[in-house]
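Beneath this line is the structure, given in structure tokens, with notes to follow.
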Amino acid sequence: MSTMMYERLWQAFLDTIAMVGASALIAFIAGIPLAVFLVLSASGGLIHAPRLHGILAAIINGFRATPFIVLLVALLPLTRWLTGTTIGVWAAVVPLSISATPFFARIAEVSLREVDGGLIEAAQAIGCRRWHIVRHVLLPEALPGIVGGFTITIVSMIGASAMAGAVGAGGLGDMAIRYGYQRFDTTVMAVVIAVLIAMVCLVQFAGDHAVRRLRAR
């Protein structure tokens, strides 16, 4: 590849990092409260609001069941309203974060449900309030699973960001389509695929390492 192509590859890499990073941050911030509420509001939970639980669960399942490419197109009006455009890196953050948040919330919910009920009962016995139980029992005990689930979420978002690039979001996916597929340049396509694989491997390695450190506390 030429020097100009390497410069484009570097810019596409930075765009992908920006897309995934911003979307992952939003998904984490929004996903944790959703997961906590799903656990607390379930039957037998600390809040016990089965109707609200059912409504929220149905909404989350609806978003999870929608293919990302369909969600990407369906959210174009919202994306335009929030960002002023439907193309580019920051326009892609809207559908990416909305798609990833329910996915991560469900994974985090599973981790929270696996916390030993005896610990919660012990915290209640000594007079802990619900917020203290969530902060000092549920979240710390479920943290390794949450981190592992967040790693999976980021990996899936890397693939989704490449898909978003096919419709003008920029990043590595856009480069693969424009300079690899449309120009029949297999070298560009192979390099982009190699970069995506390297990103996934690095994220997975970092996530696995963090989980091992947390479990060894």
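For the range 1-214, give the percent of accessible area contributed by carbon and sulfur heavy atoms, probe 1.4 Å, rounded to a whole number.
67 percent
Scanning residues 5 or more positions from residue 42 or on other chains, those with amide H under 5 Å from its amide H are 48, 49, with H placed 1.01 Å from N in the peptide plane.
A protection proxy built from the mean count of other Cβ atoms within 10 Å ranks the segments 62-71, 172-181, 22-31, most packed first, as 172-181, 22-31, 62-71. Fully extending the segment from residue 128 to residue 4 would add 38.6 nm, taking 0.36 nm per residue of separation and subtracting the current Cα-Cα distance.
In square angstrom, what is the accessible area per residue of the range 1-214 with a 1.4 angstrom probe? Each step should come with its number before you reach the end.
Details: 11390 Å² over 214 residues.
Heavy-atom SASA per residue in the range 1-214 reads 53 Å².
Tally Lys/Arg at +1 and Asp/Glu at -1 over every other residue whose Cβ is under 13 Å from the Cβ of residue 100; what's the total? Net charge in that neighbourhood comes out at +2. Surface calculation, 1.4 Å probe, protein heavy atoms: residue 7 sits at approximately 120 Å² accessible. Taking the Cβ of residue 31 as the center, what net charge do the other residues with Cβ under 13 Å away carry, scoring Lys and Arg +1 and Asp and Glu -1? Surrounding charge for residue 31 is +1.
Using a 1.4 angstrom probe on the protein heavy atoms only, could you order 97, 43, 156 from most to least accessible area?
Details: 97 10, 43 100, 156 55 Å².
Order by accessible area, largest first: 43, 156, 97.
In what sequence, largest accessible area first, do 201, 128 appear using a 1.4 Å probe? Don't skip to the answer; put the middle values down first.
Details: 201 80, 128 50 Å².
The residues order as 201, 128, largest area first.
Working note: 222 nm ellipticity from helices only, DSSP H runs with n ≥ 4, each -39,500 (n - 2.57), summed and divided by the residues of the chain, gives -26500 deg cm²/dmol to the nearest 500. Among the helices of the chain, those built from whole DSSP H runs whose Cα atoms reach 24 Å or more along their own axis and whose mean Kyte-Doolittle hydropathy is at least 1.0 are 3-41, 89-113, 139-165, 186-215. In this calculation the C-beta distance from residue 197 to residue 59 is compared with R0 = 35 Å, giving a FRET efficiency of 0.55.
Between residue 85 and residue 25, what's the calculated FRET efficiency when r is the beta-carbon distance and R0 is 25 Å? Round to 0.05.
Numbers: r = 21 Å, r/R0 = 0.82.
FRET efficiency, residue 85 to residue 25: 0.75.
Modelled this way, with points 7 Å down the Cα-to-C-beta line, the labels at residue 212 and residue 69 are 3.8 nm from one another.
The values are calculated or read from the model by the stated rules, or taken from the named source; none is laboratory data. As the structure is a computational prediction, the values presented were derived from the model and not from experiment. Cβ sites come from the backbone with ideal geometry, for glycine too, and all protein chains shown count toward neighbours. When the accessible area is computed, the model is the full protein with side chains, heavy atoms only, and any ligands, DNA or RNA have been set aside. Shrake-Rupley method; radii C 1.70, N 1.55, O 1.52, S 1.80 Å.
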